[in-house]
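Input: a single structure, listed below in structure tokens.
The values are calculated or read from the model by the stated rules, or taken from the named source; none is laboratory data. Quick caveat, the model's predicted, so the values are computed rather than measured. Positions of Cβ are backbone-derived with ideal geometry, glycine not excepted, and every protein chain shown enters the neighbour counts. All accessible areas refer to the heavy atoms of the entire protein, side chains included, with ligands and DNA or RNA removed. Shrake-Rupley method; radii C 1.70, N 1.55, O 1.52, S 1.80 Å.
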Amino acid sequence: MTTVAFLGLGAIGHPMARRLAQKTGIDLTVWNRTTERATSFAREHEETGARAATTPADAARGAGIIITCLPTSADVEALLDAPDGLLRGMERGATHIDCTSGDPATSRRIAERLATHGVDFIDAPVSGGVGGAEKGTLTIMCGGDAVVVERVGLVLSAFGSRIVHCGPVGAGHALKAVNNALLAVHIWSAAEGLAALARAGISPALALDVINASSGRSNASMNLFPERVLTRAFPRTFRLALLDKDAGIAAQFAREQKVSAPLLQLGAELFRAAHAELGEEADHVEAVKLVERWAGVEIA
Ligand code: NDP
């Protein structure tokens, strides 16, 4: 049996933990800041033997693998250091896998600190959304020692079907941030173009059909706009606040690499504005509503 602790049962963490609970050979303990979410998870998965821990230290004690999936790397770092935090429970030889979409610099700092405690660290952010987590088909972008990535592959395969070693610690977070910055730019630019077409009386549904058979297509035009914008459904699967955070990490990363990246910087600014306007609970696709408001037209 591999003993796994999973911390952070949010929109994507919950289905990832469920996949772990259902995988043979894994003895799972979960922890969540709002305790009720962890206790109800343990109740729902009682037959698998999953249990809820009362503190991060309690979750980490005896675990060979500790997985975190929190909003930011700063949240992960704070969880290490709290009086009943992870460092109190982590044992030498354990591996910490951080599935947060975090930032490379903080992860490098965390990895250095954990190394002094005899604990390995890999950053392992995911893509594929809540649906991919439910189906176990996430892509997992790993940063860290290749031998460690190889060693935890079986556990990661509970929720991921494509496990990619990207480079040293921080490489996974850098790649994930760039991916999400592209998502942000695609959503925003598609909204601008479709708003202009709508104002000219050209149907957004017709425009999307044409774009999706042409070279301007993206995941935003092929999936997000038809399923979430045209229908006005805007389901809440990935918070706008989190995409704002990711676009900001990518913009910072480009600056650190001394790459001139005006589009990534602008994308980050626009998503920061959308986050401020639409609040903590808005979904990322709702950024389109800000473009619509400015244009005085609905993409429907
Ligand atoms: P949610 O906002 O849905 O959930 C956040 C989770 O983190 C909750 O369990 C919350 O606990 C917990 N949490 C928040 N702040 C703290 C804190 N300071 N200390 C301890 N726990 C905390 O986020 P998601 O599950 O959507 O996202 C998690 C990570 O995965 C993010 O980095 C995100 O960018 C990334 N991601 C998300 C995807 C998605 O489709 N949702 C897709 C790919 C990556 P509580 O229940 O108490 O609020």
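Quick notes on this one:
- By the beta carbon rule, with partners counted only under 4.7 Å, the chain holds these lone Cys residues: CYS142, CYS166.
- Mean separation of Cα contacts under 8 Å (6+ apart) over length of segment 142-189, as relative contact order %: 44
- Using all pairs of distinct alpha-carbon atoms, the Kirkwood hydrodynamic radius of segment 205-279 works out to 14.1 angstrom.
- All-pairs alpha carbon distance profile, the chain, 10 Å steps from 0, percent: 6, 27, 32, 21, 11, 3, 0
- Relative contact order %, segment 150-300, counting alpha carbon pairs below 8 Å whose residues are six or more apart: 32
- One equal scatterer on each Cα of segment 43-124, no solvent, Debye formula: the resulting log10 I(q)/I(0) at q = 0.10, 0.18, 0.22 Å⁻¹ is -0.23, -0.72, -1.02.
- Rounded to the nearest Hz, the phi-derived 3J(HN,Hα) couplings of segment 49-62 under the Karplus curve 6.51 cos²θ - 1.76 cosθ + 1.60 (θ = phi - 60°) are x, 5, 10, 9, 8, 8, 9, x, 4, 4, 5, 6, 4, x, where x marks glycine and proline.
- Restricting segment 30-60 to trypsin sites (Lys or Arg not before Pro) in coil, as DSSP defines it, with at most 16 other Cβ within 10 Å: ARG33
- Summing charges over all other residues whose Cβ lies under 13 Å from the Cβ of ILE26, with Lys and Arg as +1 and Asp and Glu as -1, gives +3.
- Amide proton proximity set for GLY160, modelled H, under 5 Å, gap of 5+: LEU138
- Neighbourhood net charge (10 Å Cβ-Cβ; Lys/Arg +1, Asp/Glu -1) for ALA247: -1
- Close amide-amide hydrogen proximity is noted between GLY167 and GLY144, each under 5 Å apart and 5 or more residues distant or on a separate chain (H modeled in the peptide plane; Pro and chain starts excluded).
- For the chain: accessible area per residue (Å², 1.4 Å): 45
- Screening the chain for DSSP H helices whose Cα atoms reach 27 Å or more along their own axis and whose mean Kyte hydropathy is at least -1.0 gives 171-199.
- Measuring spread by the Cα atoms of segment 91-242 yields a radius of gyration and Dmax of 19.1, 65 Å.
- A 1.4 Å probe, protein heavy atoms only, puts the accessible area of THR106 near 20 Å².
- Database remark: amide H of ASP283 closer than 5 angstrom to the amide H of LEU240 (H placed geometrically; neighbours at sequence offset of 5 or more, or on other chains; Pro and chain starts carry no H).
- Accessible area (Å², 1.4 Å probe, nearest 10) - LEU264: 40
- Legend: residue pairs LYS258/LYS289; LYS176/LYS258; LYS245/LYS289, Cα-Cα distance threshold 26 Å; pairs beyond threshold, LYS258/LYS289.
- Across segment 165-300, counting alpha-carbon atoms alone, Rg and Dmax equal 15.3, 51 Å.
- Local electrostatic count, GLY144, Cβ distance below 9 Å [Lys/Arg +1, Asp/Glu -1]: -3
- Whole-Hz Karplus values for segment 122-130 come out as 10, 8, 8, x, 10, 9, x, x, 4 Hz, taken residue by residue from phi with 6.51 cos²θ - 1.76 cosθ + 1.60 and θ = phi - 60°; glycine and proline positions read x.
- Computed magnitude of the charge dipole of segment 5-67 (debye, nearest 20; Cβ of K, R +1, Cβ of D, E -1): 160
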